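Undergrad: One structure coming up, written as structure tokens, with questions to follow.
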Amino acid sequence: MINKQNLWFLTLFSLILVLSIYYLTMPDEVLQTIKNSNNDTAETVEVESNDVLAALRVEADEETLKEMNTLQEVLLNESATVEEKNDAYESLKELNQNKGKEEEIEKSIYENHKLKSFVKIKQDQVQVVISNKEHNEQLANQIIRTVQNNFETRMYITVKFQS
């Protein structure tokens, strides 16, 4: 059950997310028009790569939260079968393990390469977004090796550079 405080938090958080995505996708011409029309209080809008990583984290967290709520509803549903409840429990457990593994991989990328990153694990696929202006194939290969070292089985790893 969601209380009023959580509902307000989610509402405001969603609003902030929508506004930040709006400003991220706004064309440069519109920004210049706004800047020219407000010369007295004109401020340039700069989006740092950390903001992009934060937006990706927020989006992933919201997606995970929705999925967890759906699975918890299955667990609490009295008409659900034992098999459905077991599957929901296993999925919840996997979500929690993936979240921990994502944080561990982000930490190892930072320790080994001094780069801020965002990691998303979905089944056997790992998506890595790196905050770096330099787009280097050799660096991408090193990051892939770093990520693969965290898994016992072969994973499909993609690395994307965000400047």
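Undergrad: From the list LYS114, LYS120, LYS85, LYS133, exactly one residue is within 27 Å of SER14 (Cβ to Cβ) and either of a type in the set (D, E, K, R) or not assigned by TED's automatic domain parsing to the domain that holds LEU12 (or both). Which is it?
TA: Being within 27 Å of SER14 (Cβ to Cβ) and either of a type in the set (D, E, K, R) or not assigned by TED's automatic domain parsing to the domain that holds LEU12 (or both) holds for just one of LYS114, LYS120, LYS85, LYS133, which is LYS120.
Undergrad: Yes or no: ALA88 within 19 Å of GLN127 (Cα to Cα), among the hydrophobic types (A, V, I, L, M, F, W, C) and assigned to a helix (DSSP H, G or I)?
TA: Answer is no for this residue.
Undergrad: Here's a follow-up. Listed residues LYS133, LYS160, LYS116, LYS93; which is out of contact with any Ser or Thr (no Cβ under 6 Å at 6 or more places or on another chain) and closer than 27 Å to ILE21 by Cα?
TA: Of the residues listed, the single one that is out of contact with any Ser or Thr (no Cβ under 6 Å at 6 or more places or on another chain) and closer than 27 Å to ILE21 by Cα is LYS160.
Undergrad: Which residues, counting only those in the range 74-93, are among the acidic types (Asp, Glu) and either surrounded by 12 or more Cβ atoms within 10 Å (Cβ to Cβ) or in contact (Cβ under 8 Å) with a residue 60 or more places away in the chain (or both)?
TA: The answer is GLU84, ASP87.
Undergrad: Related question: Identify, please: which residue in the range 31-58 is loosely packed, with under 10 Cβ neighbours inside 10 Å and in a helix (DSSP H, G or I) and is, among those, modelled with the highest pLDDT?
TA: ASN36
Undergrad: Taking the range 109-135, which residues are among the small types (Gly, Ala, Ser) and touching an Asp or Glu at 6+ places or on another chain (Cβ under 8 Å)?
TA: SER117
Undergrad: On to the next question. Mind listing whichever residues of the range 130-145 are under 19 Å from the mean Cα position of the chain (by Cα), closer than 15 Å to ILE105 by Cβ and not small (Gly, Ala, Ser)?
TA: Hits for the range 130-145 are ILE130, ILE143, ILE144.
Undergrad: On to the next question. What about ILE143, is it among the aliphatic types (A, V, I, L, M) and within 20 Å of LEU95 (Cα to Cα)?
TA: Spelling it out, it is not the case that ILE143 is among the aliphatic types (A, V, I, L, M) and within 20 Å of LEU95 (Cα to Cα).
Undergrad: Does any residue of the range 57-73 turn out to be under 23 Å from SER14 (Cα atoms), in contact (Cβ under 8 Å) with a residue 24 or more places away in the chain, outside the structural domain of THR25 (by TED's automatic domain parsing) and touching a strand residue (DSSP E or B) at 6+ places or on another chain (Cβ under 7 Å)?
TA: Within the range 57-73, one or more residues are under 23 Å from SER14 (Cα atoms), in contact (Cβ under 8 Å) with a residue 24 or more places away in the chain, outside the structural domain of THR25 (by TED's automatic domain parsing) and touching a strand residue (DSSP E or B) at 6+ places or on another chain (Cβ under 7 Å).
Undergrad: Let me ask you something else. Taking the condition of being polar (S, T, N, Q) and part of a loop (DSSP other than H, G, I, E, B), how many residues in the range 103-150 meet it? Can you show your working first?
TA: Initial filter on the range 103-150 (polar (S, T, N, Q)): 108, 112, 117, 123, 125, 127, 131-132, 136, 138, 141-142, 146, 148-150.
Then keep just the ones that are part of a loop (DSSP other than H, G, I, E, B); that gives 123, 132, 136, 149-150.
Residues flagged as polar (S, T, N, Q) and part of a loop (DSSP other than H, G, I, E, B) within the range 103-150 amount to 5.
Undergrad: Of the residues GLU73, GLU90, GLU84, GLU104, only one is at pLDDT 85 or above, within 16 Å of the chain's Cα centre (by Cα) and not aromatic (Phe, Trp, Tyr); which?
TA: Exactly one residue qualifies, and that residue is GLU104.
Undergrad: Look at ASN96 and say whether it is without any contact (Cβ under 8 Å) to a residue 12 or more places away in the chain and more than 16 Å from the chain's Cα centre (by Cα).
TA: No.
Undergrad: On to the next question. Residues being over 19 Å from ALA55 (Cα atoms) and in contact (Cβ under 8 Å) with a residue 12 or more places away in the chain: count how many of those fall in the range 110-122.
TA: Residues meeting the conditions: 2.
The values are calculated or read from the model by the stated rules, or taken from the named source; none is laboratory data. Note that the coordinates shown come from a computational prediction; the quantities given were computed from them, not determined experimentally. Positions of Cβ are generated from backbone atoms using ideal geometry, with glycine treated the same way; all protein chains shown enter the neighbour counts.
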